[in-house]
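The values are calculated or read from the model by the stated rules, or taken from the named source; none is laboratory data. Please read these numbers as outputs of a predicted model, since none were measured by experiment. Positions of Cβ are generated from backbone atoms using ideal geometry, with glycine treated the same way; all protein chains shown enter the neighbour counts.
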Amino acid sequence: MPRVFSGIQPTGNLHLGNYLGAIRNWVLMQQGNECLYCIVDLHAITVRQEPQALSASTREVTACLIAAGIDTRASILFNQSQVAGHAELAWIFNCVARLGWLNRMTQFKEKAGKDRENASVGLYAYPNLMAADILVYRATHVPVGEDQKQHLELARDIAQSFNHQYGVEFFPLVEPVITGPATRVMSLRDGTAKMSKSDASDYSRINMTDSPDAIAQKIRKARTDPHPLPGDPAALAERPEAANLVNIYAALSNSDAAAVLSAFDGAPFSRFKEKLAELATQVIAPMTGEMRRLLADQGYIDAVLRDGAGRARSLAEPILREVHRIVGFVQG
(Lines give C-alpha, C1' and ligand atoms only; values in the text may rest on other atoms or scores of the structure.)
Protein backbone atom coordinates (compact mmCIF):
# COMPACT_ATOMS: atom_id res chain seq x y z
CA MET A 1 0.00 0.00 0.00
CA PRO A 2 1.43 3.43 -0.92
CA ARG A 3 2.52 5.47 2.10
CA VAL A 4 1.36 9.10 1.83
CA PHE A 5 2.75 11.96 3.92
CA SER A 6 1.59 15.54 3.92
CA GLY A 7 1.91 18.47 6.31
CA ILE A 8 0.05 21.67 7.04
CA GLN A 9 1.21 24.81 8.84
CA PRO A 10 -0.48 25.57 12.19
CA THR A 11 -0.96 29.25 11.48
CA GLY A 12 -4.72 29.37 12.08
CA ASN A 13 -7.46 30.87 9.91
CA LEU A 14 -7.78 27.91 7.57
CA HIS A 15 -9.83 28.96 4.58
CA LEU A 16 -11.71 27.55 1.60
CA GLY A 17 -8.51 27.43 -0.46
CA ASN A 18 -6.89 25.14 2.12
CA TYR A 19 -9.95 22.88 2.09
CA LEU A 20 -10.46 22.61 -1.68
CA GLY A 21 -6.76 22.70 -2.55
CA ALA A 22 -5.51 20.18 0.00
CA ILE A 23 -7.65 18.95 2.88
CA ARG A 24 -10.48 17.52 0.80
CA ASN A 25 -7.99 15.56 -1.28
CA TRP A 26 -6.33 14.28 1.92
CA VAL A 27 -9.71 12.86 2.95
CA LEU A 28 -10.12 11.13 -0.42
CA MET A 29 -6.58 9.73 -0.31
CA GLN A 30 -7.37 7.73 2.82
CA GLN A 31 -8.95 5.14 0.54
CA GLY A 32 -6.26 2.71 -0.61
CA ASN A 33 -3.30 4.49 1.01
CA GLU A 34 -1.49 4.49 4.34
CA CYS A 35 -1.68 8.17 5.30
CA LEU A 36 0.26 10.33 7.74
CA TYR A 37 -0.99 13.89 8.16
CA CYS A 38 1.22 16.24 10.15
CA ILE A 39 0.72 19.68 11.68
CA VAL A 40 4.20 21.04 11.03
CA ASP A 41 4.86 23.16 14.11
CA LEU A 42 8.66 22.87 13.71
CA HIS A 43 8.31 24.56 10.33
CA ALA A 44 6.07 27.22 11.86
CA ILE A 45 8.80 28.53 14.16
CA THR A 46 11.15 29.31 11.27
CA VAL A 47 9.47 32.70 11.67
CA ARG A 48 8.57 34.25 15.01
CA GLN A 49 5.46 32.78 16.66
CA GLU A 50 3.60 33.73 19.82
CA PRO A 51 3.67 30.49 21.88
CA GLN A 52 0.05 30.49 23.05
CA ALA A 53 -1.17 31.37 19.56
CA LEU A 54 0.89 28.51 18.10
CA SER A 55 -0.67 26.01 20.53
CA ALA A 56 -4.17 27.31 19.79
CA SER A 57 -3.59 27.19 16.02
CA THR A 58 -2.26 23.62 16.23
CA ARG A 59 -5.46 22.52 17.97
CA GLU A 60 -7.64 24.51 15.55
CA VAL A 61 -6.01 22.88 12.51
CA THR A 62 -6.38 19.45 14.13
CA ALA A 63 -10.08 20.09 14.73
CA CYS A 64 -10.53 21.25 11.13
CA LEU A 65 -8.89 18.14 9.71
CA ILE A 66 -11.05 15.83 11.82
CA ALA A 67 -14.21 17.80 11.01
CA ALA A 68 -13.36 17.61 7.28
CA GLY A 69 -13.19 13.82 7.41
CA ILE A 70 -9.71 12.71 8.42
CA ASP A 71 -10.26 9.36 10.17
CA THR A 72 -7.85 9.30 13.10
CA ARG A 73 -8.18 5.53 13.40
CA ALA A 74 -7.32 4.79 9.77
CA SER A 75 -4.81 7.64 9.30
CA ILE A 76 -2.09 9.01 11.57
CA LEU A 77 -2.69 12.62 12.62
CA PHE A 78 -0.04 14.28 14.77
CA ASN A 79 2.03 17.40 15.32
CA GLN A 80 5.62 17.32 14.12
CA SER A 81 7.37 18.39 17.32
CA GLN A 82 6.17 15.26 19.16
CA VAL A 83 8.27 13.02 16.90
CA ALA A 84 11.94 13.86 17.45
CA GLY A 85 12.97 11.83 14.42
CA HIS A 86 11.98 14.70 12.11
CA ALA A 87 14.62 17.01 13.58
CA GLU A 88 17.19 14.22 13.92
CA LEU A 89 16.97 13.15 10.29
CA ALA A 90 16.93 16.81 9.20
CA TRP A 91 20.39 17.26 10.75
CA ILE A 92 21.71 14.24 8.84
CA PHE A 93 20.21 15.72 5.68
CA ASN A 94 21.87 19.05 6.48
CA CYS A 95 25.12 17.13 6.05
CA VAL A 96 23.98 15.59 2.75
CA ALA A 97 22.36 18.58 1.04
CA ARG A 98 24.52 21.23 -0.59
CA LEU A 99 24.40 25.01 -0.21
CA GLY A 100 23.96 25.39 -3.94
CA TRP A 101 20.76 23.35 -3.79
CA LEU A 102 19.28 25.53 -1.05
CA ASN A 103 20.39 28.72 -2.81
CA ARG A 104 18.10 27.80 -5.68
CA MET A 105 14.99 27.54 -3.47
CA THR A 106 12.69 30.33 -4.60
CA GLN A 107 10.46 30.22 -1.51
CA PHE A 108 13.31 31.29 0.80
CA LYS A 109 13.96 34.29 -1.41
CA GLU A 110 10.27 35.20 -1.34
CA LYS A 111 9.83 34.76 2.43
CA ALA A 112 13.12 36.36 3.46
CA GLY A 113 12.62 39.30 1.10
CA LYS A 114 15.28 42.00 1.06
CA ASP A 115 16.34 41.34 4.67
CA ARG A 116 17.97 37.96 4.01
CA GLU A 117 20.74 38.49 6.56
CA ASN A 118 18.17 38.60 9.37
CA ALA A 119 16.27 35.48 8.24
CA SER A 120 16.61 32.48 10.53
CA VAL A 121 18.84 29.55 9.64
CA GLY A 122 15.71 27.43 10.07
CA LEU A 123 13.95 29.30 7.28
CA TYR A 124 16.95 28.73 5.00
CA ALA A 125 17.21 25.02 5.84
CA TYR A 126 13.41 24.52 5.78
CA PRO A 127 13.57 22.25 2.68
CA ASN A 128 15.93 19.81 4.43
CA LEU A 129 13.43 19.43 7.27
CA MET A 130 10.66 18.96 4.73
CA ALA A 131 12.67 16.13 3.15
CA ALA A 132 13.14 14.59 6.60
CA ASP A 133 9.40 14.85 7.30
CA ILE A 134 8.74 12.65 4.30
CA LEU A 135 11.67 10.27 4.41
CA VAL A 136 11.68 9.53 8.14
CA TYR A 137 8.67 7.35 7.23
CA ARG A 138 10.03 6.35 3.82
CA ALA A 139 6.83 7.76 2.34
CA THR A 140 6.32 7.07 -1.34
CA HIS A 141 3.83 9.78 -2.28
CA VAL A 142 3.21 13.40 -1.24
CA PRO A 143 0.20 15.50 -2.30
CA VAL A 144 1.60 18.93 -3.09
CA GLY A 145 0.60 22.23 -4.60
CA GLU A 146 2.54 23.84 -7.40
CA ASP A 147 4.39 26.07 -4.90
CA GLN A 148 5.86 23.02 -3.12
CA LYS A 149 7.01 21.05 -6.15
CA GLN A 150 10.54 22.51 -5.97
CA HIS A 151 10.91 21.37 -2.35
CA LEU A 152 9.75 17.89 -3.28
CA GLU A 153 12.33 17.75 -6.06
CA LEU A 154 14.96 18.64 -3.45
CA ALA A 155 13.71 15.79 -1.24
CA ARG A 156 14.28 13.44 -4.17
CA ASP A 157 17.77 14.87 -4.69
CA ILE A 158 18.60 14.38 -1.01
CA ALA A 159 17.31 10.80 -1.02
CA GLN A 160 19.31 10.01 -4.14
CA SER A 161 22.44 11.68 -2.76
CA PHE A 162 22.18 9.80 0.56
CA ASN A 163 21.74 6.49 -1.26
CA HIS A 164 24.72 7.20 -3.54
CA GLN A 165 26.99 8.49 -0.76
CA TYR A 166 26.49 5.39 1.36
CA GLY A 167 26.08 2.84 -1.43
CA VAL A 168 22.55 1.82 -0.50
CA GLU A 169 19.07 1.86 -2.00
CA PHE A 170 17.38 2.88 1.23
CA PHE A 171 15.31 6.01 0.70
CA PRO A 172 12.61 5.98 -2.01
CA LEU A 173 12.38 8.72 -4.61
CA VAL A 174 9.06 10.15 -3.50
CA GLU A 175 6.42 10.93 -6.12
CA PRO A 176 4.25 14.07 -6.14
CA VAL A 177 0.49 13.70 -6.25
CA ILE A 178 -1.50 16.65 -7.60
CA THR A 179 -5.20 15.81 -7.54
CA GLY A 180 -8.65 17.28 -7.62
CA PRO A 181 -10.31 20.40 -9.02
CA ALA A 182 -9.74 23.94 -7.75
CA THR A 183 -6.22 23.22 -6.54
CA ARG A 184 -5.63 26.98 -6.73
CA VAL A 185 -8.49 28.93 -5.17
CA MET A 186 -8.03 32.63 -5.77
CA SER A 187 -8.85 35.68 -3.66
CA LEU A 188 -12.45 36.88 -3.68
CA ARG A 189 -11.09 40.42 -4.12
CA ASP A 190 -8.44 39.72 -6.77
CA GLY A 191 -8.82 36.81 -9.16
CA THR A 192 -5.11 36.91 -10.02
CA ALA A 193 -3.91 36.35 -6.40
CA LYS A 194 -4.13 33.13 -4.46
CA MET A 195 -6.58 33.04 -1.52
CA SER A 196 -4.42 33.62 1.55
CA LYS A 197 -4.81 33.84 5.31
CA SER A 198 -2.26 36.66 5.30
CA ASP A 199 -4.36 38.97 3.10
CA ALA A 200 -5.26 42.12 5.04
CA SER A 201 -8.90 41.94 3.91
CA ASP A 202 -11.04 39.27 5.55
CA TYR A 203 -13.37 39.62 2.55
CA SER A 204 -10.67 38.10 0.33
CA ARG A 205 -11.29 34.62 1.76
CA ILE A 206 -13.89 32.31 3.23
CA ASN A 207 -12.60 31.05 6.57
CA MET A 208 -13.50 27.57 7.74
CA THR A 209 -14.80 29.20 10.94
CA ASP A 210 -17.11 31.67 9.17
CA SER A 211 -20.82 31.68 9.97
CA PRO A 212 -23.37 31.05 7.18
CA ASP A 213 -24.20 34.76 7.16
CA ALA A 214 -20.53 35.71 6.82
CA ILE A 215 -20.05 33.22 3.96
CA ALA A 216 -23.06 34.61 2.08
CA GLN A 217 -21.96 38.21 2.61
CA LYS A 218 -18.43 37.53 1.37
CA ILE A 219 -19.69 35.81 -1.76
CA ARG A 220 -22.16 38.62 -2.48
CA LYS A 221 -19.32 41.15 -2.14
CA ALA A 222 -16.84 39.07 -4.20
CA ARG A 223 -15.41 41.01 -7.11
CA THR A 224 -16.80 40.12 -10.54
CA ASP A 225 -17.35 41.94 -13.82
CA PRO A 226 -20.52 43.40 -15.39
CA HIS A 227 -20.98 40.63 -17.96
CA PRO A 228 -23.30 37.64 -17.56
CA LEU A 229 -21.93 34.12 -17.28
CA PRO A 230 -20.94 32.57 -20.62
CA GLY A 231 -21.73 29.05 -21.71
CA ASP A 232 -18.15 28.19 -22.66
CA PRO A 233 -15.20 27.97 -20.18
CA ALA A 234 -12.90 29.43 -22.85
CA ALA A 235 -14.79 32.71 -22.55
CA LEU A 236 -13.51 33.08 -18.97
CA ALA A 237 -9.85 33.25 -20.04
CA GLU A 238 -9.69 37.04 -19.57
CA ARG A 239 -12.15 37.16 -16.66
CA PRO A 240 -10.17 35.94 -13.61
CA GLU A 241 -12.72 36.86 -10.91
CA ALA A 242 -15.55 35.20 -12.82
CA ALA A 243 -13.41 32.13 -13.49
CA ASN A 244 -12.52 31.88 -9.80
CA LEU A 245 -16.15 31.83 -8.64
CA VAL A 246 -17.09 29.30 -11.31
CA ASN A 247 -14.18 27.06 -10.30
CA ILE A 248 -15.17 27.30 -6.62
CA TYR A 249 -18.73 26.30 -7.50
CA ALA A 250 -17.45 23.41 -9.60
CA ALA A 251 -15.21 22.14 -6.80
CA LEU A 252 -17.89 22.42 -4.12
CA SER A 253 -20.39 20.58 -6.33
CA ASN A 254 -17.89 17.91 -7.45
CA SER A 255 -18.44 19.08 -11.01
CA ASP A 256 -16.43 21.01 -13.59
CA ALA A 257 -16.53 24.48 -15.07
CA ALA A 258 -18.23 23.33 -18.27
CA ALA A 259 -21.14 21.78 -16.36
CA VAL A 260 -21.52 24.85 -14.15
CA LEU A 261 -21.57 27.22 -17.12
CA SER A 262 -24.05 25.02 -18.94
CA ALA A 263 -26.42 25.36 -15.97
CA PHE A 264 -25.92 29.13 -15.59
CA ASP A 265 -25.40 30.20 -19.23
CA GLY A 266 -26.47 33.83 -19.56
CA ALA A 267 -27.30 34.24 -15.88
CA PRO A 268 -26.35 37.45 -14.07
CA PHE A 269 -23.80 37.19 -11.28
CA SER A 270 -26.37 38.22 -8.68
CA ARG A 271 -28.28 34.97 -9.25
CA PHE A 272 -25.11 32.88 -9.51
CA LYS A 273 -23.70 34.29 -6.27
CA GLU A 274 -26.89 33.43 -4.37
CA LYS A 275 -26.65 29.82 -5.53
CA LEU A 276 -22.92 29.73 -4.74
CA ALA A 277 -23.58 31.08 -1.24
CA GLU A 278 -26.19 28.37 -0.64
CA LEU A 279 -23.81 25.67 -1.86
CA ALA A 280 -20.81 26.96 0.13
CA THR A 281 -22.88 27.15 3.31
CA GLN A 282 -24.22 23.65 2.75
CA VAL A 283 -20.68 22.26 2.47
CA ILE A 284 -18.83 24.35 5.05
CA ALA A 285 -21.36 24.90 7.86
CA PRO A 286 -21.40 21.26 9.08
CA MET A 287 -17.60 21.25 9.29
CA THR A 288 -17.59 24.56 11.17
CA GLY A 289 -20.06 23.20 13.69
CA GLU A 290 -18.00 20.08 14.23
CA MET A 291 -14.82 22.15 14.61
CA ARG A 292 -16.44 24.20 17.36
CA ARG A 293 -17.60 21.05 19.16
CA LEU A 294 -14.10 19.56 19.01
CA LEU A 295 -12.38 22.76 20.13
CA ALA A 296 -14.58 22.80 23.23
CA ASP A 297 -12.82 19.58 24.32
CA GLN A 298 -9.11 20.43 24.30
CA GLY A 299 -8.27 17.20 26.12
CA TYR A 300 -9.71 15.13 23.28
CA ILE A 301 -7.71 16.99 20.63
CA ASP A 302 -4.50 16.62 22.65
CA ALA A 303 -5.20 12.89 23.07
CA VAL A 304 -5.65 12.49 19.30
CA LEU A 305 -2.31 14.21 18.65
CA ARG A 306 -0.57 12.18 21.37
CA ASP A 307 -1.89 8.90 19.98
CA GLY A 308 -0.95 9.89 16.42
CA ALA A 309 2.56 10.85 17.52
CA GLY A 310 3.02 7.49 19.21
CA ARG A 311 1.98 5.65 16.06
CA ALA A 312 4.23 7.88 13.93
CA ARG A 313 7.21 7.21 16.22
CA SER A 314 6.65 3.48 15.90
CA LEU A 315 7.09 3.83 12.13
CA ALA A 316 10.02 6.25 12.31
CA GLU A 317 12.18 4.58 14.95
CA PRO A 318 13.22 1.43 13.01
CA ILE A 319 13.94 3.60 9.95
CA LEU A 320 16.14 5.90 12.02
CA ARG A 321 17.97 2.92 13.57
CA GLU A 322 18.81 1.72 10.08
CA VAL A 323 19.94 5.23 9.09
CA HIS A 324 22.26 5.23 12.13
CA ARG A 325 23.72 1.91 11.06
CA ILE A 326 24.21 3.09 7.46
CA VAL A 327 25.89 6.34 8.55
CA GLY A 328 28.10 4.57 11.08
CA PHE A 329 26.74 5.84 14.39
CA VAL A 330 27.53 3.54 17.30
CA GLN A 331 24.29 2.26 18.79
CA GLY A 332 24.17 1.05 22.37
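Taking residues in region 178-199 that are under 14 Å from ILE23 (Cβ atoms) and not assigned by TED's automatic domain parsing to the domain that holds PRO143, and partners anywhere that are at pLDDT 95 or above and assigned to a loop (DSSP other than H, G, I, E, B), the pairs with Cβ atoms closer than 7 Å and at least 6 places apart or on different chains are MET195/SER187; MET195/ARG205; LYS197/ARG205. Evaluated against (1) aliphatic (A, V, I, L, M); (2) touching a strand residue (DSSP E or B) at 6+ places or on another chain (Cβ under 7 Å); (3) farther than 30 Å from ALA222 by Cα, VAL61 falls short on exactly one condition, (3). For GLY69, the criteria (1) in contact with a helix residue (DSSP H, G or I) (Cβ under 9 Å, 6 or more places away or on another chain); (2) at negative phi; (3) without any contact (Cβ under 8 Å) to a residue 60 or more places away in the chain hold in every case but one, which is (2).
Screening ASP265 with (1) crowded, with 20+ Cβ neighbours inside 10 Å; (2) in contact (Cβ under 8 Å) with a residue 24 or more places away in the chain gives one miss only, at (1). Look at region 85-100 and say how many of its residues are part of a loop (DSSP other than H, G, I, E, B) and surrounded by 15 or more Cβ atoms within 10 Å (Cβ to Cβ). Total meeting the criteria: 2. Scanning region 70-84 for residues that are surrounded by 20 or more Cβ atoms within 10 Å (Cβ to Cβ) and outside any helix (DSSP H, G or I) yields ILE70, SER75, ILE76, LEU77, PHE78, ASN79, VAL83. Flag: ASP213 does not match the condition of being out of contact with any Phe, Trp or Tyr (no Cβ under 6 Å at 6 or more places or on another chain) and in contact (Cβ under 8 Å) with a residue 12 or more places away in the chain. Pick from region 221-257 the residues that are more than 27 Å from the chain's Cα centre (by Cα) and part of a helix (DSSP H, G or I): which of them is surrounded by the fewest Cβ atoms within 10 Å (Cβ to Cβ)? It comes out as ALA234.
Of the candidates ARG59, ARG48, ARG24, the single residue that is modelled with pLDDT under 95 and in a helix (DSSP H, G or I) is ARG24. Taking region 203-220 as the range and being of a type outside the set (Ser, Thr, Tyr) and surrounded by 15 or more Cβ atoms within 10 Å (Cβ to Cβ) as the test, the residues that pass are ARG205, ILE206, ASN207, MET208, ASP210, PRO212, ALA214, ILE215, ALA216, LYS218, ILE219. Residue pairs whose Cβ atoms lie under 9 Å apart, separated by 6 or more positions or on different chains, with the first residue in region 16-30 and in the same structural domain as ASN244 (by TED's automatic domain parsing) and buried (at least 21 other Cβ atoms within 10 Å of the Cβ) and the second polar (S, T, N, Q) and modelled with pLDDT under 95, do not occur. Against the list (1) within 24 Å of HIS15 (Cα to Cα); (2) assigned by TED's automatic domain parsing to the domain that holds TYR19; (3) of a type in the set (Ser, Thr, Tyr), the condition THR288 fails is (2).
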